[in-house]
Amino acid sequence: MSRLVHVLRAGRLPYQRALKLQQIVANQLLQQAKHAQDANVQMPPYRNVLILTEHDPVYTIGIRTRGYDEAEEQRLRTLGADFVRTNRGGLITFHGPGQLVAYPILDLKHFQPSVRWYVCHLERTIIELCRRYGLRAQTTADTGVWIDDRKICAMGIHASRYVTTHGLALNCDIDLGWFRHIVPCGLVGKSVTSLAKELNRPDLGVDSVTEAFLDSFQQTLECDLVPLADEHITEVMGGI
């Protein structure tokens, strides 16, 4: 079976709308898997979808919420960002303009039915991307991808019956000041960086990094990437 992934370039979205978009696509994939042998059930014209987006400023927190009660939520909201609690793995992080956010909605049974395999390949995708820019990135005992003790890419995923949601957030030319108001991912003593900062290239924004990311994703996961057709984009985006 071909590892075909349709790319949906969603543009800049509020985080809540992106959550709903993920849920729509994931539910379709789950239904597709459930009724795969039923010729009477109409299937969506795509098997896996890679959503690319940027978010308006938002602090998001995963299933580990220690230290972030309602008072902390209100403190962060006063900075001008939204605050959203999610079902992904991990602690608190920030999303905002200048950050490439990728949500692969994949049925891992078309790849390797292993969440560990999936996370490892997402990490390898970013490590390969950084290598192309002359940066030596690595994984550590902590989640995400790092350059020394500086996190350049946050990761947090969720899987239901091997259908994935959430994903990764790569710092391109994001304003790193937003991270100073939190302990990113709960890691005391660690810092956050970006491609623009590491390379001293303020022009290195999401648009200029996206194609290199897609190429790295395609090679690492050994899949074929094709654009999601306009009519299907209209269909799924209309639901959010």
Next on the checklist: Rounded, prolate or oblate, given the Cα gyration tensor of the stretch 196-240, with a/c below 1.5 counting as rounded?
Outcome noted: oblate
Item to check | FRET efficiency estimate (nearest 0.05) - Cβ-Cβ, Lys34 to Asp207, R0 41 angstrom | outcome: 0.65
Checklist entry - Considering only protein heavy atoms, what per residue accessible area in square angstrom results for the chain with a 1.4 angstrom probe? => result 47 Å²
Checklist entry - Rg (Å, one decimal) plus Dmax (Å, integer) for the alpha carbons of the stretch 153-240? => result 16.4, 47
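Relative contact order for the stretch 3-239: what percent, with Cα pairs under 8 Å and sequence separation of 6 or more?
Relative CO of the stretch 3-239 lands at 24 percent.
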Checklist outcome for this item: Once Lys34, Lys151, Lys20 are ranked on solvent-accessible area with the largest value leading and a 1.4 Å probe, the list reads Lys34, Lys20, Lys151
Checklist entry - Each residue of the stretch 223-235 in order: what ³J(HN,Hα) in whole Hz does its phi give by Karplus 6.51 cos²θ - 1.76 cosθ + 1.60, θ = phi - 60°, with x for Gly and Pro? => result 10, 9, 9, 9, x, 5, 4, 4, 5, 7, 4, 4, 5
Checklist entry - Mind listing the phi-derived Karplus ³J(HN,Hα) values for the stretch 122-129, rounded to whole Hz, using 6.51, -1.76 and 1.60 with θ = phi - 60°, and x for any glycine or proline? => result 5, 4, 5, 4, 6, 4, 5, 4
Item to check | Helical mean residue ellipticity (222 nm; -39500 (n - 2.57) per DSSP H run of 4+; nearest 500) of the chain | outcome: -9500 deg cm²/dmol
Item to check | By accessible area with a 1.4 Å probe, ligands and nucleic acids excluded, highest first: order of Leu19, Leu106 | outcome: Leu19, Leu106
Checklist entry - Charges only on Cβ, +1 for Lys and Arg, -1 for Asp and Glu: so what's the dipole of the stretch 3-239 about the Cα centre, in debye to the nearest 20? => result 600 debye
Next on the checklist: Once neighbouring chains are kept in place and the probe is 1.4 Å, which whole percent of the accessible area of the stretch 3-239 is contributed by carbon and sulfur?
Outcome noted: 48 percent
Next on the checklist: Can you bin every Cα-Cα distance in the chain into 5 Å intervals starting at zero and give me the percent of pairs per bin, rounded to whole numbers?
Outcome noted: 1, 6, 14, 19, 20, 17, 12, 7, 3, 1, 0, 0
Next on the checklist: Over the Cα atoms of the stretch 90-207, what radius of gyration and what Dmax do you get, in Å?
Outcome noted: 14.1, 42
Checklist outcome for this item: Quick tally, 1.4 Å probe accessible area for Ile92, Ile233, sorted with the most first, runs Ile233, Ile92
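The values are calculated or read from the model by the stated rules, or taken from the named source; none is laboratory data. Computed from a predicted model, the values in this text were never measured in an experiment. Cβ coordinates were reconstructed from backbone atoms using ideal geometry, including for glycine residues, and neighbour counts include every protein chain displayed. Side chains included, ligands, DNA and RNA excluded: accessible areas come from the protein's heavy atoms. Shrake-Rupley method; radii C 1.70, N 1.55, O 1.52, S 1.80 Å.
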